[in-house]
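Visitor: My structure is below; once you've seen it, I'll send some questions.
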Amino acid sequence: DAGVIQSPRHEVTEMGQEVTLRCKPISGHDYLFWYRQTMMRGLELLIYFNNNVPIDDSGMPEDRFSAKMPNASFSTLKIQPSEPRDSAVYFCASSKRGGYQPQHFGDGTRLSIL
Amino acid sequence: QKEVEQNSGPLSVPEGAIASLNCTYSDRVSQSFFWYRQYSGKSPELIMSIYSNGDKEDGRFTAQLNKASQYVSLLIRDSQPSDSATYLCAVGAGGTSYGKLTFGQGTILTVHP
């Protein structure tokens, strides 16, 4: 079975540019999570969806960040405008039945904002 | 106060020894607990899940849960250099936050030959 698929794997862009990260969850999973990982702050939950509906976006750092899930097989995380402090690895994960089932992570997107 | 705390590392053990990783959590209504392994430059990979008090064994890995003490641990027997990684403890939220996992900061394990 295909795992969580994220694209792109690496993104390097200049400050001020719009960045769009993409995620395809595992088929049949009804929860989708976006995380950010840095050395300083560890793994942080940004936002999560249940059945395509955002449930908790309290981890989204600023209005520059937005996330959508237009259907069960696709989600995007957008940063506009991007800043150097947004540089991190962004992971998407999915699960069945939320907290009672483990989350499965994609390979991540390594984002560098110059 | 952090919601999920792991024993501070890094932890270094010789090959063949038992590595013990510990985690405490603050949410008393938590019902699900997970251990993830993350190699450098890779994504977190699930290695164990536990839901009931007691021990759960899977090969060289044993997870232990004590809900009364709000404590979960991971033992790795016969440690191998390939076990060298960061281990993340994750706790499933209860109540209105159902669906979320809260991760600890991770413990770096090094197994030296």
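The values are calculated or read from the model by the stated rules, or taken from the named source; none is laboratory data. Keep in mind it's a predicted model, so treat the numbers as computed, not measured. Neighbour counts are summed over all protein chains in view; Cβ atoms, including those assigned to glycine, are modelled from backbone coordinates with ideal geometry.
Visitor: B:Gly54: on the phi > 0 side of the Ramachandran plot and either of a type in the set (A, V, I, L, M, F, W, C) or surrounded by fewer than 15 Cβ atoms within 10 Å (Cβ to Cβ) (or both), yes or no?
Guide: yes
Visitor: Of the numbered conditions (1) over 10 Å from the mean Cα position of the chain (by Cα); (2) surrounded by fewer than 20 Cβ atoms within 10 Å (Cβ to Cβ); (3) more than 11 Å from chain B (Cβ to nearest Cβ), A:Thr76 fails exactly one; give the number of that condition.
Guide: (1)
Visitor: Only one of (1) under 16 Å from the mean Cα position of the chain (by Cα); (2) touching a residue at least 60 places away in the same chain (Cβ under 8 Å); (3) more than 10 Å from chain A (Cβ to nearest Cβ) is not met by B:Ser32, so which one is it?
Guide: Here B:Ser32 meets the rest and fails (3).
Residue-by-condition table, conditions (1) free of Cβ contacts under 8 Å to residues at least 40 places away in the same chain; (2) of a type in the set (Lys, Arg); (3) part of a loop (DSSP other than H, G, I, E, B); (4) within 14 Å of chain A (Cβ to nearest Cβ):
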position	(1), (2), (3), (4)
B:Lys56	yes, yes, no, yes
B:Gln64	yes, no, no, no
B:Ser82	yes, no, no, no
B:Thr86	no, no, no, yes
B:Gln105	no, no, yes, yes
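Visitor: Any residue in the stretch A:99-114 that's more than 7 Å from every other protein chain (Cβ to nearest Cβ) and in a strand (DSSP E or B): show its pairings with residues that are charged (D, E, K, R) and surrounded by 17 or more Cβ atoms within 10 Å (Cβ to Cβ) at Cβ separation under 8 Å, as long as the two are six or more apart or on different chains.
Guide: A:Thr109/A:Glu11; A:Arg110/A:Glu11; A:Leu111/A:Glu11; A:Leu111/A:Asp86; A:Ser112/A:Glu11; A:Ile113/A:Asp86
Visitor: Further question on the same structure: Of all residues being of a type in the set (A, V, I, L, M) and either surrounded by fewer than 16 Cβ atoms within 10 Å (Cβ to Cβ) or more than 10 Å from chain B (Cβ to nearest Cβ) (or both) in the stretch A:43-64, which is farthest from B:Gly41 (Cα to Cα)? Just the residue, please.
Guide: Only one residue fits best here, namely A:Val53.
Visitor: Report whether or not A:Leu32 is within 11 Å of chain B (Cβ to nearest Cβ) and not basic (Lys, Arg).
Guide: Yes.
Visitor: Looking at B:Ser20, B:Ser49, can you tell me which residue is part of a strand (DSSP E or B), touching a Lys or Arg at 6+ places or on another chain (Cβ under 9 Å) and surrounded by fewer than 21 Cβ atoms within 10 Å (Cβ to Cβ)?
Guide: It is B:Ser49.
Visitor: Residue check: is B:Leu46 touching a His at 6+ places or on another chain (Cβ under 8 Å) and under 26 Å from A:Leu46 (Cβ atoms)?
Guide: Judged against the criteria, B:Leu46 is a match.
Visitor: Kindly indicate the residue of the stretch A:2-36 that is in contact with a helix residue (DSSP H, G or I) (Cβ under 9 Å, 6 or more places away or on another chain) and at pLDDT below 95 and also surrounded by the fewest Cβ atoms within 10 Å (Cβ to Cβ) among those meeting that condition.
Guide: Among those residues, the one meeting the criterion is A:Asp30.
Visitor: Could you check A:Arg85 against (1) part of a strand (DSSP E or B); (2) more than 9 Å from every other protein chain (Cβ to nearest Cβ); (3) surrounded by fewer than 21 Cβ atoms within 10 Å (Cβ to Cβ) and say which number it fails?
Guide: Condition (1) is where A:Arg85 drops out.
Visitor: Of all residues in the stretch B:66-80, which are in a loop (DSSP other than H, G, I, E, B) and surrounded by fewer than 18 Cβ atoms within 10 Å (Cβ to Cβ)?
Guide: Across the stretch B:66-80, the qualifying residues are B:Lys67, B:Ala68, B:Ser69, B:Gln70, B:Arg77, B:Asp78, B:Gln80.
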